[in-house]
Structure formats: C-alpha cells, structure tokens
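Here is the structure we will look at, set down as structure tokens.
The values are calculated or read from the model by the stated rules, or taken from the named source; none is laboratory data. Keep in mind that this is a model prediction, so the values were computed, not measured. All Cβ positions, even for glycine, are placed from backbone atoms using ideal geometry, and neighbour counts span all protein chains on display. Accessible surface is based on the protein model in full, side chains and every heavy atom, while ligands, DNA and RNA are left aside. Shrake-Rupley method; radii C 1.70, N 1.55, O 1.52, S 1.80 Å.
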Amino acid sequence: MRKVLTTLALLALLGGCAGRDRLESDARLTVVTDNVLPAPERADLTAGDRPALIGPLDTIQINVFNVPELSQESQVDASGRIAMPLAGTIDARGRTAGELAQAVATALRGRYVRNPEVTVNIKSSVSQVVTIDGQVVEPGLYPVTNQMTLLRAVASAKGLTEFARQQDVVVLRSVNGRKMAGLYNLAAIERGAYDDPPVYANDVIVVGDSPQRRLFRDFVSLAPLLAAPLIAVLN
C-alpha cells in the first residue's frame, strides 16, 4: 500500500502545470489509481467468431487416402509444428484444416507419394490462449492455465531475447468491454518490488518498444522511478 501511495504522490507532485495539461489533453489513455490490472469478465474470455485456425497444443486427425500407415492423430507442439513420416516437420500454426491438408499433400508429393489425397480435422482446440509478442525468443500463442502469471508466460515463450527491454512490458486486456493496459517491469517483479500479475485467456503481452508502450511515455517521464505498475484505460 505504501508503494502505491508513493507512486500516486509522485505522479501528483510532478503532474502539475504544463505537464499535467499535456497529459489531460492526450485522449489515448487514462491512467487509473489502482496498480492492479482487473481480471476479465466471463464474456471477455470468449473470443468472437473467427476462422478455425490451428494453434499450439491442438489435436488434429490427418488422413491420407489409401495410405493408412501415414494417417495419424497428432498434437501440435508448443511451437506450432507437427511431424509426419515422409512429410517431415510441417508448420501448422495459424492455418485452417484445409490449408494444412494442402501443405501435407505437397510435402508427401515430394517424398514419393503419388497424388496424395489428404484431409485434416481439428479434434480438439486449445481456446484458452495468450498472445506473446515482441522481444521474446519464440513469439506466438500459448495455452493459459489458472496458474499463469506474467513471468511464467514470458518463460513459456522461451524467455527474453538478448537485448530485450524488460522494463517495458505491456499487458493488453478487455475488462467488461473496456480495453485496458498495464505497464510492467519484469526486473522489478523478479526482485520482489511488486507481485507477479496473473495472466488470463485472450491477454496480449508485448515485450519491448511498441505503440502501446509509447502511450505511457509521458506518464513515465513524469515519474521515472515507479514503485508499482501503471494501469490505464485505452480510450
């Protein structure tokens, strides 16, 4: 609590005169007093209608007509790939079932299977995913559990790249229909300055410089030694 009050007092002290007028005139976001990004509502966790795209950890059934030894049930790995005899490793992430079937057929055609006829069905889909982008080793979609936190999410993307800006991490979230963002410092979390925040399905995590991070620029310039995350509503 003391950290929150210190942060707010610093913002209030430095936010006067011309600086405050400039911030209030910026209609892109409104910083809120709470230092916790609210959890999403049930409706926020349900993605809208979209094409059925294959993602990491989805289970798919691949059938090759008249070649039963090549037909198989496969789980897409965490990096979005599948492995098949003769076809080798194929990137499945972000493809529809039809697009993946075409990719498998093309791979088999180059490995001595004459005119392969391939069908792909999505048997089960991991719908609860978080998007991790920016300066991480393997950006992409990752499954979310009720134990997921920001540090764990970044670790699931194989961690930060060599020159990643770990003090510039933005979590984007819809809360009761409002678009919100939280600015976090991974190093501060690791040294115990504040709690590792929970991550939910449909969150988007962006590490490093980004348009969302630049929205916070003026607020951070007023209070560069923030003792807590900055939470804002995107207008």
Out of the residues in the stretch 72-86 that are open to solvent by less than 40 Å² (accessible area, probe 1.4 Å) and either part of a loop (DSSP other than H, G, I, E, B) or under 13 Å from S125 (Cα atoms) (or both), which is modelled with the lowest pLDDT?
S79
Restricting the stretch 89-112 to residues that are of a type outside the set (D, E, K, R) and surrounded by fewer than 17 Cβ atoms within 10 Å (Cβ to Cβ), the residue that is nearest to D77 (Cα to Cα):
T89
Going by the conditions given, is G159 without any contact (Cβ under 8 Å) to a residue 24 or more places away in the chain, over 26 Å from D34 (Cα atoms) and open to solvent by less than 30 Å² (accessible area, probe 1.4 Å)?
yes
Among what's in the stretch 119-148 and is under 23 Å from D209 (Cβ atoms), out of contact with any helix residue (DSSP H, G or I) (no Cβ under 9 Å at 6 or more places or on another chain) and of a type in the set (V, I, T), pick the residue that is surrounded by the most Cβ atoms within 10 Å (Cβ to Cβ).
T131
Please state which of the following conditions T46 fails to meet, knowing it meets all the rest: (1) under 28 Å from V144 (Cβ atoms); (2) modelled with pLDDT of 75 or more; (3) among the polar types (S, T, N, Q).
(2)
Answer yes or no as to whether P116 is closer than 28 Å to E190 by Cβ, surrounded by 14 or more Cβ atoms within 10 Å (Cβ to Cβ) and either touching a strand residue (DSSP E or B) at 6+ places or on another chain (Cβ under 7 Å) or at pLDDT 85 or above (or both).
no
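For every residue, the table says whether it meets (1) open to solvent by less than 60 Å² (accessible area, probe 1.4 Å); (2) modelled with pLDDT under 55.
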{"position": "R2", "(1), (2)": "no, yes"}
{"position": "D26", "(1), (2)": "yes, yes"}
{"position": "L29", "(1), (2)": "yes, no"}
{"position": "V32", "(1), (2)": "yes, no"}
{"position": "E41", "(1), (2)": "no, no"}
{"position": "I54", "(1), (2)": "yes, no"}
Taking the residues in the stretch 199-221 that are surrounded by fewer than 20 Cβ atoms within 10 Å (Cβ to Cβ) and β-branched (V, I, T) as candidates, determine which candidate is modelled with the highest pLDDT.
V204
Expected single match for of a type in the set (V, I, T), in contact with a Lys or Arg (Cβ under 7 Å, 6 or more places away or on another chain) and over 30 Å from G80 (Cα atoms) among V233, V220 is V233
Of the residues in the stretch 162-180, those that are closer than 11 Å to D203 by Cα and open to solvent by less than 40 Å² (accessible area, probe 1.4 Å) come to V170, V171, L172, R173, V175, M180
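Could you list, in sequence order, the residues of the stretch 56-71 that are open to solvent by 50 Å² or more (accessible area, probe 1.4 Å) and either at pLDDT 90 or above or more than 21 Å from A157 (Cα to Cα) (or both)? Walk me through how you get there before you give the answer.
Going residue by residue through the stretch 56-71, those that are open to solvent by 50 Å² or more (accessible area, probe 1.4 Å) are 57, 63, 65-66, 68-69.
Result: N63, F65, N66, P68, E69.
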